[in-house]
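Everything below concerns the one structure shown next.
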Amino acid sequence: MTGNVESAARAVDVWKSYGTGEAAVTALAGVSVEFDRGRFTAIMGPSGSGKSTLMHCLAGLDTIDSGDVWIGATKVNGLRDKGLTELRRSQVGFIFQQFNLLPTLTAEENITLPLAIGGQKVDRAWFDAVIDTVGLRDRLTHRPTQLSGGQQQRVACARALVARPEVVFADEPTGNLDSRSGAEVLGFLRRSAHEFGQTVVMVTHDPNAASYADRVIFLADGRIVRELHDPTAAAVLDTMKVLDGDDRLVVA
Amino acid sequence: MLKATLKSVLARKLRLVLSGLAVVLGVMFVSGSFVLTDTLDRSFKDLFATVYSEVDVEVAVKPKVDQDNPEAARAGTLTADDVKAVESVDGVRTAVGDVIGSARPIGENGKVLTTSGAPRVGTAWRDGGQEEMREGHPPRRDDEVAISAYLAETGGFQVGEQVSVLTLEPKRTFTVAGIFGYPGNRASLGGELTTAFTETTAQQLLLGTPGAFSGITVRADDGVSQAVLRDRIQAALGDAYQVKTGEQLAKEQADEIGEGLAFFNYVLLGFAGIALFVGIFIILNTFSIIVAQRTRELALLRAMGASRKQMIGSVVVEAVVIGLIASVVGLGAGIGVGALLANVFSTIGGGSLHLAGIAVPPSAIISSFAVGIIVTVLAALLPALRASRIAPVAALREAATPDRPLTRLTVAGGALSLVGGGMLGFGFAGGSLWPILSGLLLSFIGVALLTPLISRPVVSLIGKLLAWSMPGTLGRRNSARNPRRTAITAAALMVGIALITGVSVVLTSATTSITKVADTQIKADLIISGESTNGQAGGTFGPDRVEKVLATPGVESAFGWYNDGVLIDGQRKFGTVVTDVPAMERIFGLTSTSGTISDLEDGEIGLDEATATALNLRQGGTATVQTTKGEQRAYTVAFVLAKTTLVADSVFLPRSTADEFALAQVNTAFVKTDPGANVADVRKSIEPLFADNPEVSVQDLSSFVRQQTAQLDTVLLMIQILLALAILIAVLGVINTLALSVIERTRELGLLRAIGMRRAQVMRMITVESVVISVFGALLGLVVGTALGVAAVQALKDQGFTDLGIPWMQLGSYLLIAAGVGVVAAILPAIRAARLNVLQAISYE
């Protein structure tokens, strides 16, 4: 099987379980999914549904038991640490919920860190474009402690984009932000998909956040159970309610 | 509360080990010193008890001047009449005349055999002594000797072979007639080399007088105590004789060695103290970091109603637990090290000193626990106070507390440094030890307190030199992140490096000064002297050899000197007889303040200016002089030499007095060659004159100076070895700081790995941080140490430290070593950081 140039990331019948024997928990049970280039996808699901595991496996942060995972033309499973590091450095961008930045570096240094680690030159035009989009031009020399939470997350977004990765993975990027800062970050992720053609995959449990995506994938018990395209917040919420009903799960 | 603390201690095993290790090493040093010196002390007591086990009373000539050199000839000799006189005293069973002196056998390679302090003894063979003939027979002819089994072993001699021996006379060769040992299958009593001659040979070679005895060994009749017999013999012989009991002699000699051992112990404890002082920095730092990391936990306890006292208590209990465990482990390790060193000493060092059993003296146990616990608690006190000031709300806040300003630290550090420097200056000026030591201590603490302030600019500068890539930059920034932590880690390293540097500067200055004095003031081209090995002087020669040297073609002038302790107006000085005073005047470039420098007539002495002033004597004055063998006489001061660094503390005596010295032989001769003569050629023609005496060497001036200064290199090496432990502990500190930082920055490391940092890059980042800290510490140490050294040299200017010498090469190598140490210290923390599981690290709380 070869990588599909049309999809930025792809999972084929991925199985993953934790623990052994009685205590074994199946986190992913035969997940197959493709993420099209230049689209913004949200992965949703209740706690324990396997959404974070799926993202970690796609990004090469976690190993899988069987199946295949591709990032662009690179097969992720089977890569050793060196290959995975190379993959993370050049083909994947990350935005975490918190602690995204190194406190000893300025905003600009944090943004260019992946390039500096790889010893690559910064593409100034692209850097300027990204900076202006996230609106951080006047904050570049600040240290993380001098930035607000929203500003810190925007720095993290800029960092994820600056190396032009195949995919940007965002793990609850707005989980620690107030709604206004969250809206700014989500708006930026959407624009980077539509204006820069950047593939973005976001894990979230917030229906409103998911409504910014082009496509929402719902996970439950390690399987993909539903999919929405160009969703509204209301549609997402309805789907969640339906799924909750199926699984008799109570979501506050 | 106590239970919570103990659980918390056990949960942090790594920290326990790292901070405990510093204490363990220090305590090990302390208890090891006590065990070692105690074992050796008891071994020497046993040794002398054995040596004198067959002696009830010993009679000798009372020395007129105290002897320094145990191998030198006796103060005087006894005659056969003396032996008869002792024999006739009531209560004497036997009285045997001893002939004991110095005999240095020559090994197969032509070099004189040496020991590590035990004497090389020549005796007259006596039947019925402690000696047990193992092989062959006692010496019967004048060309036969019996040798001790230890000498046979050391020199590889067998019965029937030839052995050459140096005594008062040059090399003489004998046939080994027999080999003897001692009771208990011992090869020697205490590592000494013994050669037994026939009585007449021994008297001639060892005492230089036929029919003479060095002492009389007396055995008492049954029922007569040693003390009673001693008093009877003393009464019979009179005051010119020294009469001592066997017990008394054993005790005196053991005590003398015991004093040396006690001093040795103080020196070791001093170095242990330095190691522990460095340990305090490490523990202080560890506890500070632990308290900082536990801020939320401690605040939570506060919020639940724990009092400040309980907060302090919880940290102090943790310290006591660590101190206690470390003391036990350190004591155990110290006993092992002490026993090991005692064994090394007895087998390699002392030849075959029979070791008394290893025991643990109470002093070792008491000091181990006192030192271990006090040091740990002392170091934990500051962090404990800080823990108590944590507000309950801190539990709710993020742990990021803003940097506290360094003003108070800096002011305190400056004040302490000033006070310490002042005390140092006072101590150096007065030459007293305590102000110097406390000054040193205060200065070190003061500089350590100033270090956080200095660290900012210096660390960023060092970092810039090292950090050329992104991981390097991150490492540099990390090392500047917490100035206090970096500073205290570096300061620990500073202490050891500063002391080594200070000593290096002083010793290099000494070498420079000696070399300069030799170059500018001594006009001798060749120097003939005995080589001293392990402090055992040997290699004297008869004055006739000096005459022969003078007659050698190419020699312009030459003089030799004899030395012995003398009493002048009751004070002990260095008595010197010079074969040719005018030659000395020319070769040393001496001038006089009064009188004319010339050969001394009988009844005349010469003094150097300092000695004359000390004795309140001037030219024309009279003084009474007591030599080792002669009678006390009045002398007139013929000349006083102007101040010179070449002769100090000296009394010059006329040539006739040389016979009154313990050893009437020249020990050093200075030779000036004819202008235009080839020094190497002259040396070649002089050397055969001393071919029969391998202890004597003929050297040109520069190699003679190098030989003299080489001893200073040995001193430096010893000090470096002893300070190595302090540096090792400082390295533990660097490892500790890095390891704790790695734990603290788990999330950051995870993030770096997640965005594509390679394992090698992570390791490089940690290594740069480590090297920056180490190099910073070394730089501090070099600066402080050089300042200390320069101050000491300035203070010692009048004691002959005329020139300051900075050992640039050595200082450079210390810096390189520190950088290397940084790399080594980073290995474990770097591996730990590189092995972090990325996924776990980014979700780490």
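Odds and ends about this structure:
- Candidates in the range A:78-98 are the residues that are within 10 Å of another protein chain (Cβ to nearest Cβ) and free of Cβ contacts under 8 Å to residues at least 60 places away in the same chain; of these, the one that is most open to solvent (accessible area, probe 1.4 Å) is A:Lys82.
- The range A:88-115 - residue that is among the charged types (D, E, K, R) and within 10 Å of B:Ile755 (Cβ to Cβ) and, of those, modelled with the highest pLDDT: A:Arg88
- Checking each residue in the range B:761-799 for being touching a helix residue (DSSP H, G or I) at 6+ places or on another chain (Cβ under 9 Å) and charged (D, E, K, R) picks out B:Arg764, B:Glu769.
- Pairing residues of the range B:270-295 that are open to solvent by 30 Å² or more (accessible area, probe 1.4 Å) with residues that are among the β-branched types (Val, Ile, Thr) and part of a helix (DSSP H, G or I), at Cβ distances under 6 Å and at least 6 apart in sequence or on separate chains, gives B:Ile280/B:Val375.
- Residues that are closer than 16 Å to B:Gly472 by Cα, within 21 Å of the chain's Cα centre (by Cα) and in a helix (DSSP H, G or I) within the range A:96-111 comprise just one, A:Asn110.
- Flag if A:Val33 is farther than 28 Å from B:Arg759 by Cβ and at pLDDT 90 or above: yes
- Any hit, the range B:758-770, residues being within 14 Å of chain A (Cβ to nearest Cβ), hydroxyl-bearing (Ser, Thr, Tyr) and in a helix (DSSP H, G or I): no
- The listed residue being of a type in the set (A, V, I, L, M), open to solvent by less than 50 Å² (accessible area, probe 1.4 Å) and outside any helix (DSSP H, G or I), out of B:Leu298, B:Leu353: B:Leu353
- Qualifying residue in the range B:400-412 (condition: within 22 Å of B:Gly279 (Cα to Cα) and either surrounded by 18 or more Cβ atoms within 10 Å (Cβ to Cβ) or at pLDDT below 80 (or both)): yes
- Within the range B:684-717, if we keep just the residues that are over 29 Å from the mean Cα position of the chain (by Cα) and without any contact (Cβ under 8 Å) to a residue 12 or more places away in the chain, the residue that is farthest from B:Val671 (Cα to Cα) turns out to be B:Ala691.
- Inclusion of B:Leu437 among residues that are without any contact (Cβ under 8 Å) to a residue 24 or more places away in the chain and more than 14 Å from chain A (Cβ to nearest Cβ) is warranted.
- Looking only at residues in the range A:170-187 that are of a type outside the set (A, V, I, L, M) and buried (at least 21 other Cβ atoms within 10 Å of the Cβ), the one that is nearest to B:Ala754 (Cα to Cα) is A:Asp171.
- Tallying residues that are at the interface with chain B (Cβ under 9 Å from one of its Cβ atoms) and hydroxyl-bearing (Ser, Thr, Tyr) within the range A:99-108 yields 1.
- A search for C-beta distances below 6 Å between a residue of the range B:202-214 that is open to solvent by less than 10 Å² (accessible area, probe 1.4 Å) and any residue that is among the charged types (D, E, K, R), counting only pairs 6+ apart in sequence or on different chains, returns B:Leu205/B:Glu169; B:Ser214/B:Arg74; B:Ser214/B:Asp98.
- Taking every residue in the range B:444-468 that is touching a residue at least 40 places away in the same chain (Cβ under 8 Å) and pairing it with any residue that is hydroxyl-bearing (Ser, Thr, Tyr) and buried (at least 20 other Cβ atoms within 10 Å of the Cβ), at least 6 positions away or on another chain, the pairs with Cβ-Cβ distances below 7 Å are B:Val447/B:Ser417; B:Leu450/B:Ser417; B:Ser455/B:Thr486; B:Val459/B:Ser479; B:Val459/B:Thr486; B:Gly463/B:Ser479; B:Ala467/B:Thr473.
- Qualifying residue in the range B:682-692 (condition: open to solvent by 10 Å² or more (accessible area, probe 1.4 Å), within 28 Å of B:Ser164 (Cβ to Cβ), part of a loop (DSSP other than H, G, I, E, B) and more than 14 Å from chain A (Cβ to nearest Cβ)): yes
- Residue under evaluation B:Thr624, criteria (1) of a type outside the set (A, V, I, L, M); (2) without any contact (Cβ under 8 Å) to a residue 24 or more places away in the chain; (3) not in a loop (DSSP other than H, G, I, E, B), criterion not met: (2)
- Single residue of the range B:715-737 satisfying the filter (surrounded by fewer than 24 Cβ atoms within 10 Å (Cβ to Cβ) and touching a Phe, Trp or Tyr at 6+ places or on another chain (Cβ under 8 Å)) that is farthest from the other protein chains (Cβ to nearest Cβ): B:Leu722
- The set of residues from the range A:110-128 being crowded, with 20+ Cβ neighbours inside 10 Å and of a type outside the set (A, V, I, L, M, F, W, C) comprises A:Asn110, A:Thr112, A:Pro114.
- Some residue of the range B:771-780 being within 14 Å of chain A (Cβ to nearest Cβ) and more than 26 Å from the chain's Cα centre (by Cα): yes
- Hey, A:Gly150 within 14 Å of another protein chain (Cβ to nearest Cβ) and of a type outside the set (Lys, Arg) or not: no
- Residue identified as open to solvent by 10 Å² or more (accessible area, probe 1.4 Å) and either in a helix (DSSP H, G or I) or at pLDDT 85 or above (or both) among B:Leu751, B:Leu816, B:Leu740: B:Leu816
- All conditions in (1) open to solvent by 60 Å² or more (accessible area, probe 1.4 Å); (2) within 39 Å of the chain's Cα centre (by Cα) hold for B:Tyr241, with the sole exception of (1).
- Residue check, B:Val762 of a type in the set (A, V, I, L, M) and open to solvent by less than 60 Å² (accessible area, probe 1.4 Å): yes
- Filtered residue count, the range A:46-77, keeping only those that are in a strand (DSSP E or B), within 14 Å of chain B (Cβ to nearest Cβ) and open to solvent by 10 Å² or more (accessible area, probe 1.4 Å): 1
- Meets criteria (more than 9 Å from chain B (Cβ to nearest Cβ) and at pLDDT below 90) for A:Gly118: no
- Tally of residues being assigned to a strand (DSSP E or B) and more than 16 Å from B:Gly208 (Cα to Cα) across the range B:79-105: 6
Listed here are the residues, each with its yes/no results for (1) of a type in the set (Val, Ile, Thr); (2) touching a residue at least 24 places away in the same chain (Cβ under 8 Å).
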{"position": "B:Val793", "(1), (2)": "yes, yes"}
{"position": "B:Asp798", "(1), (2)": "no, no"}
{"position": "B:Asp803", "(1), (2)": "no, yes"}
{"position": "B:Met809", "(1), (2)": "no, no"}
{"position": "B:Ser813", "(1), (2)": "no, no"}
{"position": "B:Val821", "(1), (2)": "yes, yes"}
{"position": "B:Ile831", "(1), (2)": "yes, yes"}
{"position": "B:Leu836", "(1), (2)": "no, yes"}
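One line per residue, one yes/no per condition, for (1) touching a helix residue (DSSP H, G or I) at 6+ places or on another chain (Cβ under 9 Å); (2) under 30 Å from B:Thr77 (Cα atoms):
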| position | (1), (2) |
| --- | --- |
| B:Glu585 | no, no |
| B:Thr591 | yes, no |
| B:Thr596 | no, no |
| B:Asp599 | yes, no |
| B:Leu607 | yes, no |
| B:Ala614 | no, no |
| B:Thr644 | yes, no |
| B:Phe661 | no, yes |
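The values are calculated or read from the model by the stated rules, or taken from the named source; none is laboratory data. Note that the structure is a prediction, hence the values are computed from the model and not measured. Methodologically, a virtual Cβ is constructed for each residue, glycine included, from the backbone with ideal geometry; neighbour enumeration extends over all protein chains shown. Keep in mind that these areas ignore ligands, DNA and RNA; they rest on the heavy atoms of the full protein, side chains included. Shrake-Rupley method; radii C 1.70, N 1.55, O 1.52, S 1.80 Å.
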